[in-house]
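What follows draws every value from the coordinates through simple rules; no lab data is involved. Keep in mind that what you see is a predicted model, and the values were worked out from it rather than measured. Note: ideal-geometry Cβ built from the backbone for every residue, glycine included; neighbour counts use all protein chains shown.
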Amino acid sequence: MKRVVIIGGGIAGLSAAFRAHDLFGADAEANEVLLLEERGELGGKLRTESNAGHLLEGGPNAFIDPGPELAELVARAGVEVMPADAAAKRRFLCKQGVLHEVQTNPIALLKSGLLSAGAKLRALAEPTIGKRSRDANGDESVEAFFTRRFGAKMSSVFAAPLVSGIYAGDPARLSLSSCFPRLAVMEEEHGSIVKGMMALRKEGVKVPTLHTPAEGMQSIPRGLGEAAAFEVRTGVAARSIAPREDAWELTLSDGEVMAADGLVIATPAAEAARLLEPVSELAAASLSKIPYPHLAVVSLVYVGEQAAHAPKAFGALFVHDNSSDLLGVIHESHVFPARSSEGSLNLRVMLGGATRPDLGGRSDEELLKLVTEELASLHGLTSPPLISQVTRWKESIPQYNMGHAEGIELVRSELRESTAPPLALAGNYLSGISLSDTTASGAQAAEQLHGQLTG
Ligand SMILES: Cc1cc2nc3c(=O)[nH]c(=O)nc-3n(C[C@H](O)[C@H](O)[C@H](O)COP(=O)(O)OP(=O)(O)OC[C@H]3O[C@@H](n4cnc5c(N)ncnc54)[C@H](O)[C@@H]3O)c2cc1C
């Protein structure tokens, strides 16, 4: 009998466990898959709460056209998914406390009042800027890339807020090739981002659509927990792993010691580093260097006359100009009206991240005050919200800073060369932070383990 243990019941661990069960569990008598999750419930960052009939997302709220692995998991969870409303096409940028509507089309974007004439001319010159020299050594930051191609103003007004909206990151530290590999390839292949975008449009490549489960993100792990035909233990953590002759010895938080033929570690990087310490100090050191900034998500529900105040749109991102403490506001009830109560305005505000570590030290009450005051000034939401909820992520999103890819390659090569029993890693710090990429990493880890154990 082969026993495979998956450590961590977020989306990566769930994906690994389902794929491992498909691969190993065909003969249930001979094989066993066990999923361990430290918390009392599955899902990791996927957290949905229902408050007085209003659905509040504390972690991710949607996914862009799911990759095959995520689509398969969603189907297995038996979850109904809905696309975003057409209103989600409208997006705003907030600069110096004023909202400006922006277009995703780069030419229309240049018509907006967000840039000076000189900054617009510089941005328009992008197709004439030569590509980065092949001899240029090492990684390039997201900020340096956008500044080089479009000018400093375009970089700070458009690129920086976008990066904060996705990574809660600092564009001066984030790696272009790790965070936006397609842009690096576009520059290489077309010599220009504008030309690359035009080529995609000619090929008929569609703008991807946002989707969300009708019952909230956490309905996915809940459904998967019910559908699992393998053993799932919640409220139990892996305390340590030790390589023995031809199997792993695992010590669990409930005191049990068990053997496993193969392991998938699907925890955040810092916990993976702690567990890997006895296997490879180098791999552990590399993983422990990946920063995860603090991030707060404030969910607010306004009702009555106030609910009509914010413009029907996806929401707004904030230019880093010291005029606001917010990273972004998503108009949940405009993006997914079908899962919001009629007549309510459901907003989700993000604060903190790599550029505002100071906000991690503020209390929930302070954050709430700060957010409601800004929303009063932006949208005239002067009455208190019916519902407010703060979700804190002490370790939110892994930062793919410069040198990230080399760090991950070092970890992978350490594990390849290790003489320890089979072990694979899964999670959002490896090859993309999106739910689709993270789910794919789980399936790949299970496949790698299957190859090692049966090959
Ligand atoms: C606020 C926020 C908003 C986001 N929005 C989006 C979005 O809209 N769309 C999108 O695609 N992505 C979004 N993301 C990113 C996405 O949610 C994450 O990348 C993904 O959910 C991470 O999954 P994971 O399984 O790698 O890690 P996690 O979800 O962190 O799961 C790891 C699990 O391991 C468990 N664990 C840790 N140590 C142990 C141990 N020793 N033993 C057992 N269990 C252990 C933890 O309890 C946890 O459940 C968002 C992230 C955040 C924080």
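Does anyone have the angle between helix 193-202 and the longest principal axis of the chain? Alpha-carbon axes, 0 to 90°, nearest 10? Compared with the principal axis, the helix lies near 80 degrees.
Could you work out how far helix 364-379 tilts from the main Cα principal axis of the chain, as a 0 to 90 degree angle to the nearest 10? Value to nearest ten degrees: 40.
In this simple spin-label approximation, E417 and R201 carry label points 7 Å from Cα along the Cα→Cβ vector, and these lie 4.9 nm apart. Beta bridges assigned by DSSP with both partners in the chain are antiparallel in approximately 70 percent of cases. Among the trypsin sites (Lys or Arg not before Pro) in region 309-394, those located in a DSSP loop and surrounded by at most 12 other Cβ atoms within 10 Å of their own Cβ are K394. In terms of distances greater than 22 angstrom between alpha carbons, the cross-link table entries K289/K394; K95/K394; K95/K206 yield K95/K394; K95/K206. Shape analysis of region 139-202 yields a ratio of the Cα radius of gyration to the Kirkwood radius, Rg/Rh, of 0.96.
Of the trypsin sites (Lys or Arg not before Pro) found in region 236-275, the ones in coil according to DSSP and having at most 14 other Cβ atoms within 10 Å of their Cβ are R244. Residues in region 58-84, backbone N under 15 Å from the label point at D22 (7 Å along the Cα-to-beta-carbon vector): list them, ranges by number please. In region 58-84, the label zone of D22 (backbone N under 15 Å from the point 7 Å along Cα→Cβ) covers 67-78. Multiplying the residue separation of A308 and K289 by 0.36 nm and subtracting their alpha-carbon distance yields 2.3 nm. In this label model, S253 and I387 are separated by 2.8 nm, measuring between points 7 Å along each Cα→Cβ vector. With a threshold of 22 Å on the Cα-Cα distance, the over-threshold entries among K312/K369; K111/K153; K2/K45 are K312/K369; K2/K45. Mean sequence separation of contacting Cα pairs (under 8 Å, at least six apart), scaled by the length of the chain, corresponds to a relative contact order of 26 percent. Note on E231 and E342: their simple-model spin labels are 5.0 nm apart, each label 7 Å out from Cα toward Cβ. Other residues with beta-carbon under 11 Å from the beta-carbon of G191 carry, at +1 per Lys or Arg and -1 per Asp or Glu, a net charge of 0. Entry note: the chain has Rg to Rh equal to 0.98, where both radii use alpha-carbon atoms and Rh is the Kirkwood radius.
Qualifying GluC sites (Glu not before Pro) in region 247-276, where qualification requires a DSSP coil assignment and no more than 11 other C-beta atoms within 10 Å, comprise E256. The gain in end-to-end length when the M1 to E447 segment is fully stretched comes to 158.8 nm, 0.36 nm per residue minus the alpha carbon separation.
Each Lys or Arg adds one and each Asp or Glu subtracts one; over the other residues with Cβ under 11 Å from the Cβ of L250, this totals +1.
Return the whole-Å distance between the Cα centroid of region 406-450 and the Cα centroid of region 307-346. If we compute the Cα centre of each part, the gap is 36 Å.
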